[in-house]
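*Asks:* Can you read through this structure? Questions will come right after.
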Amino acid sequence: ADAIVLGPGLGQEEYARTLVEAVLSDAYVPIVMDADAVNLAARYPYLKGYFTENIILTPHVLEFSRLTEKPVGEFSDQYGVTCVLKDAATVTARKDGKLFINLSGSPAMAKGGSGDVLTGVIAGLLAMGMDDCEAASLGVYVHGLAGEAAEKKYGVHSVLAGELAGCIGEVVNGNV
């Protein structure tokens, strides 16, 4: 594998904790951690001991607060990870110390599954060989542009994760 997505749809059962630990301890490719994997690391703090520079975390604010009480930049510095804090203005704290505040996006994206799409976009950029810091920053921006395009197409209340994902190609190909 060129990249691993760890978390979306995984669940919180014991087997999931075991799987997260195995992937974190054995994988040598970039790992994008989201959703259940982030929540498991919050529930079992020893899992953070496996965090290395090949980890990109993509928590929303509530998941982040479960994981740590530190500001996002300080957390990235301590663990050497890139952290994408999802909110109305998503903040990417890169392991190189740079912070990016993304302003692309739309309220239409505030739906379940939107974060899974972001995780997939970042993982796709990683699999294409992009540096993890760049993949995280660009992935957030492209994801936001896709949200804007989906809102224009479907309306603010009608966008689901599938419509959002469908607009990624339009954004990347410049058809928006």
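*Asks:* GNM, the chain, Cα, under 10 Å: largest mean-square fluctuation among L57, L24, L103?
*Replies:* So, out of L57, L24, L103, the one fluctuating most is L103.
*Asks:* Give the separation of the Cα centroids, the stretch 1-66 to the stretch 98-160, in Å.
*Replies:* Each part's Cα centre sits 20 Å from the other's.
*Asks:* Oh, and also: Rounded to the nearest 5, what is the percent of antiparallel bridges among the DSSP beta bridges in the chain?
*Replies:* 40 percent
*Asks:* Got a sec to turn the phi values of the stretch 45-51 into Karplus ³J(HN,Hα) couplings, 6.51 cos²θ - 1.76 cosθ + 1.60 with θ = phi - 60°, whole Hz, x for Gly and Pro?
*Replies:* Whole-Hz 3J(HN,Hα) from phi for the stretch 45-51: x, 4, 5, 5, x, 8, 5.
*Asks:* Nearest 20 debye, what's the magnitude of the dipole of the chain about its Cα centre given +1 on Lys and Arg Cβ and -1 on Asp and Glu Cβ?
*Replies:* Here the size comes out at about 320 debye.
*Asks:* From the P(r) of the chain, can you give the percent of Cα pairs sitting at distances over 29 Å?
*Replies:* More than 29 Å apart: 15 percent of the Cα pairs in the chain.
*Asks:* Hey, another quick one. Using modelled backbone amide H atoms (1.01 Å from N, in-plane), which distant-in-sequence or interchain residues come within less than 5 Å of M130's amide H?
*Replies:* none
*Asks:* Could you tell me which of rounded, prolate or oblate describes the stretch 76-176, using a ≥ b ≥ c as the square roots of the eigenvalues of the alpha-carbon gyration tensor, with rounded for a/c under 1.5 and, failing that, prolate when a/b is larger than b/c and oblate otherwise?
*Replies:* Judged from the Cα gyration tensor, the stretch 76-176 comes out prolate (a/c at least 1.5, a/b above b/c).
*Asks:* Would you mind working out the magnitude of the charge dipole of the stretch 79-132 relative to its Cα centre, with +1 at each Lys and Arg C-beta and -1 at each Asp and Glu C-beta, to the nearest 20 Debye?
*Replies:* 100 debye
*Asks:* Moving to a separate point now. Tell me the net charge near Y28. Cut-off is 12 Å between Cβ atoms, Y28 excluded, with +1 for each Lys or Arg and -1 for each Asp or Glu.
*Replies:* -3
*Asks:* When the chain is modelled as a GNM with alpha-carbon springs shorter than 10 Å, which of T68, T82, T52 fluctuates the most?
*Replies:* Greatest mean-square fluctuation among the candidates belongs to T68.
*Asks:* Give the angle, between 0 and 90 degrees and rounded to the nearest 10, that separates the Cα long axis of helix 161-172 from the longest principal axis of the Cα atoms of the chain.
*Replies:* For 161-172 against the chain, the angle is about 70 degrees.
*Asks:* Of all the accessible heavy-atom surface of the chain, with the other protein chains kept in place and a 1.4 Å probe, what percent is carbon and sulfur?
*Replies:* For the chain, the apolar C and S fraction of the accessible surface comes to 57 percent.
*Asks:* Solvent-accessible area per residue for the chain at a 1.4 Å probe radius, Å²?
*Replies:* That works out to 47 Å² for each residue.
*Asks:* Right, another one. Considering Cα pairs under 8 angstrom that are at least six residues apart, work out the relative contact order of the stretch 1-149 and quote it in whole percent.
*Replies:* In percent, rounded to a whole number, it is 22.
*Asks:* Separate question: Report the local net charge at L138: Lys and Arg +1, Asp and Glu -1, summed over other residues whose C-beta lies under 15 Å from its C-beta.
*Replies:* Spelling it out: positives minus negatives among the neighbours equals -2.
*Asks:* If you don't mind, another one. Can you list the residues, at least 5 places off or on another chain, whose amide H is less than 5 Å from the amide H of I55, using H built in the peptide plane?
*Replies:* Those lying under 5 Å, H to H, from I55 are I31, T82.
*Asks:* To continue, here is another question. Place a +1 charge on the Cβ of each Lys and Arg in the stretch 34-121 and a -1 charge on the Cβ of each Asp and Glu, then give the dipole magnitude about the Cα centre in debye, rounded to the nearest 20.
*Replies:* 40 debye
*Asks:* ³J(HN,Hα) across the stretch 66-73 via Karplus (A = 6.51, B = -1.76, C = 1.60, θ = phi - 60°), whole Hz, x for Gly/Pro?
*Replies:* 3J(HN,Hα) across the stretch 66-73, in whole Hz: 5, 6, 7, 9, 9, x, 4, x.
*Asks:* Charges on Cβ only, +1 for Lys and Arg, -1 for Asp and Glu, centred on the Cα centroid of the stretch 1-102; of Y50, P8, A93, which one is farthest towards the dipole's positive end?
*Replies:* Selected residue: A93.
The values are calculated or read from the model by the stated rules, or taken from the named source; none is laboratory data. None of these values were measured; they are calculated from a predicted model. Glycine also receives a Cβ, built like all others from the backbone with ideal geometry; neighbour counts cover every protein chain displayed. For accessibility, only protein heavy atoms count, side chains too; no ligands or nucleic acids. Shrake-Rupley method; radii C 1.70, N 1.55, O 1.52, S 1.80 Å.
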